[in-house]
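Please find one structure pasted underneath; my questions will follow.
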Amino acid sequence: MSEILRKLWDSGVLQLGIWETVYMTLISAFFSYVIGLPLGVILCVTSKDGIHPVPVLNRILDLLVNIFRSIPFIILMVAVLPAAKLIVGTSLGNRAMIVTLVLAAIPYVARMTESSVKEVDRGVIEAAQSMGAGEGRIIMRVLIPEAKTSLIVGAVISLVTILGYSAMAGTIGGGGLGMIAITYGYQRFNNEVVWICVALTIIIVQVIQETGMLIARKTDRRMRQA
Amino acid sequence: MIELRDICKVYRNKKQEFTALRNVSLTINDGEIFGIIGLSGAGKSTLVRCINYLERPDSGKVIIDGRELGSLKKKELLRLRRDIGMIFQGFNLLEQRTVLKNVCFPLEIAGAKRQDAEKKAAELLSLVGLADKAGSYPSQLSGGQKQRAAIARALASDPKYLLCDEATSALDPDTTRSILELMRRINKELGVTIVVITHEMKVIDSICDRVAVMDNSIVTEVGAVSEIFARPQSDIAKKLILPEVVTPVSGEGECVRIVFDGEDSGTPFLSGMVLSCNAAVNILHAQTKDIDGRAYGEMILQLPAEKRSAGRIKEYLNASGIRYTVTGGAGYVGDTA
Ligand SMILES: Nc1ncnc2c1ncn2[C@@H]1O[C@H](COP(=O)(O)OP(=O)(O)OP(=O)(O)O)[C@@H](O)[C@H]1O
Ligand SMILES: [Mg+2]
């Protein structure tokens, strides 16, 4: 290991970077789901072949999601910094980054959720309706539980995407591996640091991916099990 | 009692309009097993979905036990649906729940306590013969077992009515028979009124009391199964009742379908006819059963091409009081009833 890497490690910068990346990702994902999941369900439920069509609302939400989804993250990030300042009182540091990450991830999560919930078999929903289940019950007891596996897979993909965003957030004042790669690697012409950050990111992605898929598989009841 | 009055349903796409139900009126009495038969696309599913307002008719009334569904508030409609169980061709079980939990589902909706729901569900699973599969998931069941689970689920809220949309169409003949048997038992033992949708005459024949025949969005005839079976009026009813084998015959003599409806099976009817008319007939199809010395069923005969012999046979049939139809032709020729 080169001098600089040892220094980074000994001073705890690298460990802190890993930790910051992981917790920024998890916290951002959590808050994106708090808003994105219901939003996705609403998108699905209010669509014209949903269980409670509200065409106008659906159009508006759909348009908003599309607009936010089409702004490149790097631009959105800068654009929402004032909003971050409003919400957490600063436009710098990890807390501000979490706000931007959440705002960027919400439309993404909403789309993921929408497509998962849309997959639920029409016939099963109809069966629930025929039993006298109202919309709320159908959402909580049919749509979400039946879409569970697909939702978990979607969450894995969302987490990885948010992780990617968080690295970019390193360029405008966020912490984490992205910041280390930029400040200690790129700006000091030290490729080794960049590669180490890449490798660490890959490992984190792998861990997320594998655990997520394992959970998805273990909880899916559609497969024949002994 | 379920009353349908002048139900119309139109599906509108971007530009097209399609009338799936045209002035359909039916009365389904309490305690009976009522069949609705028709070819694919006739509007059967649309009709049955109107009964519990899964589909809202464009005009007409659905009246269940004196309550007009269109006038109910949403809450009341949801409540009323608990009195109407429904089972489907595709079973529509919740894949992520065990069989027991599936049966509990309607009870959860009704707000039952968990223990009570599970107790009830277990009882129903024994009733349908699926007690040993309570802990299995739907993906681990066979088609017949899935349908039994679906039936148990549909019965969980103690419905007065059970709607079955092609409930046996995805099942093999043996399994179909056992499911139909179960439905009959439910009708007899629990007193549940059952509406059976099917495109198979044998389903109607084996369990229904009365039947409505549907074709092209209208009901062409309604009546007791034995009556429709013996005297189909509409072309579609004849087509559904007559076995397929009969249609492609060489053009020689005309074909008649004779129906045995409790005649004495001791007398050798066919031989008697052939002997006394001195004319041979070709048996194209025969399906009869002997119940207590009485013959039930049908037979399709091709008469001699020669007019006079054919005439003699028809006279003989008339004289012996056997009902018959000339098949393929329009209308009824010699109904003696
Ligand atoms: N949601 C819909 N939108 C447009 N047309 C529809 C819709 N549902 C049904 N139809 C049409 O209405 C007609 C009757 O359909 P329905 O499902 O009631 O037939 P069915 O008698 O149940 O046929 P099958 O035996 O194949 O189930 C069909 O021609 C179908 O294309
Ligand atoms: Mg149908």
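The values are calculated or read from the model by the stated rules, or taken from the named source; none is laboratory data. Given the structure is predicted, the values throughout are model-derived calculations rather than measurements. Please note: Cβ atoms are built from the backbone with ideal geometry, for glycine as well, and neighbour counts cover all protein chains shown. For accessibility, only protein heavy atoms count, side chains too; no ligands or nucleic acids. Shrake-Rupley method; radii C 1.70, N 1.55, O 1.52, S 1.80 Å.
What total accessible area, in Å², is buried where chains A and B meet, using a 1.4 Å probe and rounding to the nearest 100?
2300 Å²
Do you know the relative contact order of the range A:68-214, to the nearest whole percent, from alpha carbon pairs under 8 angstrom that are 6+ apart? The partial results should precede the final answer.
Values: 133 pairs, mean separation 32.6, N = 147.
So the answer I get is 22 percent.
Pairing the Cα long axis of helix A:13-45 with the longest principal axis of chain A, what angle in degrees results, from 0 to 90 and rounded to the nearest 10?
Between helix and principal axis, roughly 20 degrees.
Follow-up question, since we're still on this one. Can you give the helix-only mean residue ellipticity at 222 nm for the protein assembly as shown, where every DSSP H stretch with n ≥ 4 adds -39500 (n - 2.57) and the sum goes over all residues, rounded to the nearest 500 deg cm²/dmol?
Result for the protein assembly as shown: -15500 deg cm²/dmol, rounded to the nearest 500.
Would you please classify the overall shape of the range A:131-226 from the alpha carbon gyration tensor, given that a ≥ b ≥ c denote the square roots of the eigenvalues, rounded means a/c under 1.5, and beyond that prolate means a/b larger than b/c while oblate covers the rest?
Oblate is the answer for the range A:131-226, as a/c is 1.5 or above yet b/c matches or exceeds a/b.
Which residues, if any, in the range B:49-84 have at least 40 Å² less accessible area in the whole protein complex than in the isolated chain, probe 1.4 Å?
Output list: B:L54, B:K74, B:L78, B:R81.
Next question, about the same structure. Can you tell me how the protein assembly as shown classifies by the Cα gyration tensor, rounded, prolate or oblate, using a/c under 1.5 as the rounded cut? Display every interim value, and only then the final one.
On the way: a/c = 2.99, a/b = 2.88, b/c = 1.04.
The shape class here is prolate.
Long-range amide H contacts for B:G35: which residues qualify at under 5 Å (H placed 1.01 Å from N, peptide plane, sequence gap of 5 or more or a different chain)?
B:V196, B:D209, B:R210, B:V211, B:A212
Cα centroids of the range B:267-299 and the range B:1-59: how far apart, whole angstrom?
Cα centres, the range B:267-299 to the range B:1-59: 40 Å.
Dipole magnitude of chain A about its Cα centre, charges +1 at Lys/Arg Cβ and -1 at Asp/Glu Cβ only, in debye to the nearest 20? Don't skip to the end; give the middle numbers.
Numbers: 19 positive and 14 negative charges, 48 e Å.
Roughly 240 debye for chain A.
Label the range B:1-130 by shape, choosing from rounded, prolate and oblate, from the square roots a ≥ b ≥ c of the eigenvalues of the Cα gyration tensor; if a/c is under 1.5 it is rounded, and otherwise prolate applies when a/b is larger than b/c, oblate when it is not. Write out the running numbers ahead of the final one.
Values: a/c = 1.97, a/b = 1.77, b/c = 1.11.
It comes out prolate by the Cα gyration axes.
Sticking with this one: Identify the trypsin sites (Lys or Arg not before Pro) of the range A:28-118 meeting these criteria: DSSP loop state and at most 13 other C-beta atoms within 10 Å of the C-beta. Intermediate values should be presented prior to the final figure.
Details: sites: A:K48, A:R59, A:R69, A:K85, A:R95, A:R111, A:K118; in loops: A:K48.
Hits after loop and neighbour filter: A:K48.
Please report, as a whole percent, how much of the solvent-accessible surface of chain B comes from carbon and sulfur atoms (probe radius 1.4 Å).
Working: 7500 of 15440 Å².
Its accessible area is 49 percent carbon and sulfur atoms.
Please pull out the direction-averaged projected area of chain B, using the convex hull of its alpha-carbon atoms, in nm² to one decimal place.
Details: hull surface 82.1 nm².
Averaging across all directions leaves 20.5 nm² for the Cα convex hull.
By DSSP, what percent of the beta bridges with both residues in chain B are antiparallel, rounded to the nearest 5? Can you show the working numbers first?
Numbers: 43 of 63 bridges.
Here the share of antiparallel DSSP bridges comes out near 70 percent.
Let me ask you something else. Run the numbers on chain B and let me know its relative contact order in percent, using alpha-carbon pairs under 8 Å that are six or more apart.
Values: 616 pairs, mean separation 56.3, N = 337.
Relative CO of chain B lands at 17 percent.
Using only Cα atoms, tell me the angle between helix B:307-320 and the longest principal axis of chain B; keep it within 0 to 90° and round to the nearest 10.
Roughly 60 degrees between the two axes.
On average, how much accessible surface per residue is there in the protein assembly as shown, in Å², for a 1.4 Å probe, leaving out ligands, DNA and RNA? Write down the numbers at each step before the final one.
Numbers: 27000 Å² over 563 residues.
Result: 48 Å² per residue.
Restricting attention to the range B:94-196, which trypsin sites (Lys or Arg not before Pro) occupy a DSSP loop and are surrounded by at most 16 other Cβ atoms within 10 Å? Numbers along the way, then the final one.
Working: sites: B:R97, B:K101, B:K113, B:R114, B:K119, B:K120, B:K133, B:K146, B:R148, B:R153, B:K160, B:R177, B:R184, B:R185, B:K188; in loops: B:R97, B:K113, B:K160.
Taking the range B:94-196 and a limit of 16 other Cβ atoms within 10 Å, the loop trypsin sites (Lys or Arg not before Pro) found are B:K113.
Taking K and R as +1 and D and E as -1, what net charge do the other residues with C-beta under 13 Å from the C-beta of A:E210 add up to? Mind dumping the intermediate values first?
Details: positive: A:R217, A:K218; negative: none.
It works out to a net charge of +2.
Using a 1.4 Å probe on the protein chains only, how many percent of the accessible area of the range A:170-220 belongs to carbon and sulfur? List each step's numbers first, then the result.
On the way: 2040 of 2970 Å².
For the range A:170-220, the apolar C and S fraction of the accessible surface comes to 68 percent.
Per residue of the range B:142-157, in order, report the coupling 6.51 cos²θ - 1.76 cosθ + 1.60 (Karplus, θ = phi - 60°) as ³J(HN,Hα) in whole Hz, putting x for Gly and Pro.
My calculation for the range B:142-157 gives 7, x, x, 5, 4, 5, 4, 4, 5, 5, 4, 5, 5, 8, 4, 8 Hz in order.
Sticking with this one: Compute the relative contact order of the range A:25-140 as a whole-number percentage, counting only Cα pairs closer than 8 Å that sit 6 or more residues apart in sequence. Mind dumping the intermediate values first?
Working: 107 pairs, mean separation 42.9, N = 116.
Averaging sequence separation for qualifying contacts and normalising by length gives 37 percent for the range A:25-140.
Among DSSP bridges having both ends in the protein assembly as shown, what percentage is antiparallel? Round to the nearest 5.
Working: 43 of 63 bridges.
If we restrict to bridges inside the protein assembly as shown, about 70 percent are antiparallel.
Kindly identify residues of the range A:92-128 having a loss of at least 20 Å² in accessible area between the isolated chain and the assembly of all protein chains, probe radius 1.4 Å.
When all protein chains are present, A:G123, A:V124, A:E126, A:A127 each give up 20 Å² or more of accessible surface.
Related question: Once phi is turned into ³J(HN,Hα) by the Karplus curve 6.51 cos²θ - 1.76 cosθ + 1.60 with θ = phi - 60°, what whole-Hz value does each residue of the range A:202-209 show in order, with x for glycine and proline?
4, 4, 4, 4, 4, 4, 4, 4
Which ³J(HN,Hα) values in Hz, rounded to whole numbers, follow from the phi angles of the range A:108-117 under the Karplus curve 6.51 cos²θ - 1.76 cosθ + 1.60, where θ = phi - 60° and Gly and Pro get x?
Per residue, the Karplus-derived 3J(HN,Hα) values read 5, 4, 4, 5, 4, 4, 4, 5, 5, 5 Hz.
Next question. Taking +1 at the Cβ of each Lys and Arg and -1 at the Cβ of each Asp and Glu, which of B:L80, B:I64, B:S217 sits farthest along the dipole of the range B:2-235 towards its positive end, judged by Cα position relative to the Cα centre?
In the range B:2-235, that residue is B:L80.
Still on this structure: Which pairs in the list B:K101/B:K202; A:K118/B:K101; B:K61/B:K113; A:K118/B:K202; B:K14/B:K239 are over 27 Å apart, alpha-carbon to alpha-carbon?
Values: B:K101/B:K202 33 Å; A:K118/B:K101 23 Å; B:K61/B:K113 36 Å; A:K118/B:K202 37 Å; B:K14/B:K239 34 Å.
B:K101/B:K202; B:K61/B:K113; A:K118/B:K202; B:K14/B:K239, as the Cα separations exceed 27 Å there.
Bins of 5 Å, beginning at zero and ending with the bin holding the largest distance: percent of Cα pairs per bin for chain A, please.
It works out to 1, 7, 13, 15, 15, 14, 12, 9, 6, 4, 2, 1, 1, 0, in whole percents.
Enter the Cα centre distance for the pair the range B:172-205 and the range A:85-99, rounded to the nearest angstrom.
Centre-to-centre (Cα) distance: 65 Å.
May I ask for the angle, rounded to the nearest 10°, between helix A:148-169 and the longest principal axis of chain A, with both axes built from Cα atoms and the value confined to 0 to 90°?
30 degrees
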